[in-house]
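Report on the following structure.
The values are calculated or read from the model by the stated rules, or taken from the named source; none is laboratory data. From a predicted model like this one, the values you see are computed outputs, not experimental measurements. Here the Cβ positions follow ideal geometry from the backbone for every residue, glycine too, while neighbour counts run over all protein chains shown.
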Amino acid sequence: MHSVVRQYVVGGEVINALNGVDLTIQRGEMVAIMGPSGSGKSTAMNIIGCLDKPTSGTYVLDGYDVSTLTDDQQAYMRNTKIGFVFQNYNLLPRTTALENVELPMMYAGVPVRERRHRAMEALARVGLEHRMGNRPNELSGGQQQRVSIARAIVNHPVLILADEPTGALDSHSTEELLHLFEGLHQQGQTILIVTHEPDVAAHAKRVVRFRDGKVESDTSTTADPITKETS
Ligand SMILES: Nc1ncnc2c1ncn2[C@@H]1O[C@H](COP(=O)(O)OP(=O)(O)OP(=O)(O)O)[C@@H](O)[C@H]1O
Ligand SMILES: [Mg+2]
C-alpha cells in the first residue's frame, strides 16, 4: 500500500486512523504487525483484507489496484484471495467442522464434490481428520482455531490475515497454532499476523510496528546467516 490515509469523521471531528502508510508485503513472507491500542492495526488489516478502502492512497493486491474496484469486485477479491483467521474463530455454531470449511468455497462457486474433497484435505492438514463431523461447541478452543485455519487455507488464498489469532488460546494451543503457521509459511504461504504478544511476533521473520496511524518501524528479525558470517 502506498500513502494510505483512512479518515473517520465522528461528530464533525476528523480522526486519521491511518495517516500515510507505505507498506509492501512480498509473496511468501510471514509478517507480524504490532503497536499500541488505537495505532491503526485493525484499520490497516481491514484495507489489506478488502473489507474497507483508503480515503486516499492506493492499495494493490496480487496486481490489482483494490482502491479503484467496485464493491462487488472488492468482495470477489476478498472471497478468493484472502483467508481470515480471527481471535474468536468466527465459526458457524450449528454447523460441523467440515461444513464450516466448505463455506468459503460456496462463495467462490466450487462444485459440491470438489468442495467436500478439498474441505476434508484442509482439515487433515491441520490434524483434524477425526473431528470433521463435530460442531464448534464439541471442540476445544485450539481445535476451533484449527478449523478456522482450515477454512482460511481451503481456497488457496494469496494471503492469510490473522488478527490476534492466539488471543483466546492457552500457551499449549498457541504453540500448536504457531507451528501450523510456520508449516504453511515454509510451503510458501504469505501470512500477516496482528499480535500483542512478543512470543508470537518472534516467530515472524519481519515485525512492522504501528504508532499513531503510521509505520513506526519495520524490522527483519532473522539475520541471513551467510551475511552474518562474512560481515
Ligand atoms: N469505525 C470507526 N469510526 C471512528 N473511529 C474509528 C473507527 N474504527 C477505528 N477508529 C479509530 O481509529 C483509530 C485506529 O483504530 P484501530 O482499530 O485500527 O486500532 P488498533 O491498532 O487495531 O487497536 P487495538 O490494538 O485496540 O485493536 C483509533 O483512534 C480508533 O478510535
Ligand atoms: Mg485492533
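Laid out as a table, the results:
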item	result
For F86: the one exception among (1) free of Cβ contacts under 8 Å to residues at least 24 places away in the same chain; (2) closer than 18 Å to D52 by Cβ	(1)
Filter result (in contact (Cβ under 8 Å) with a residue 60 or more places away in the chain and not in a helix (DSSP H, G or I)) within segment 46-74	G49, L61, D62
Segment 72-129, residues that are small (G, A, S), closer than 16 Å to L159 by Cβ and buried (at least 18 other Cβ atoms within 10 Å of the Cβ)	G83
Set R78, R6: member being touching a helix residue (DSSP H, G or I) at 6+ places or on another chain (Cβ under 6 Å) and more than 20 Å from V207 (Cβ to Cβ)	R6
One residue from T55, T80, T68 being farther than 25 Å from T174 by Cβ, within 15 Å of ligand 1 (Cβ to nearest atom) and not hydrophobic (A, V, I, L, M, F, W, C)	T55
Selected residue (criterion: farthest from K81 (Cα to Cα)) from residues of segment 130-158 that are buried (at least 22 other Cβ atoms within 10 Å of the Cβ) and among the polar types (S, T, N, Q)	Q144
Residues located in segment 120-170, provided they are in contact with a strand residue (DSSP E or B) (Cβ under 8 Å, 6 or more places away or on another chain) and within 16 Å of ligand 1 (Cβ to nearest atom)	L161, A162, D163, E164, P165
Residue in segment 30-44 that is among the polar types (S, T, N, Q), within 16 Å of ligand 1 (Cβ to nearest atom) and over 30 Å from Q143 (Cβ atoms) present	yes
Helices (runs of 4 or more DSSP H) fully within segment 127-231 counting 2 or more residues that are farther than 30 Å from I15 by Cβ and more than 16 Å from ligand 2 (Cβ to nearest atom)	141-153, 171-186, 225-230
From M30, M45, residue being within 16 Å of ligand 2 (Cβ to nearest atom), crowded, with 17+ Cβ neighbours inside 10 Å and at pLDDT 95 or above	M45
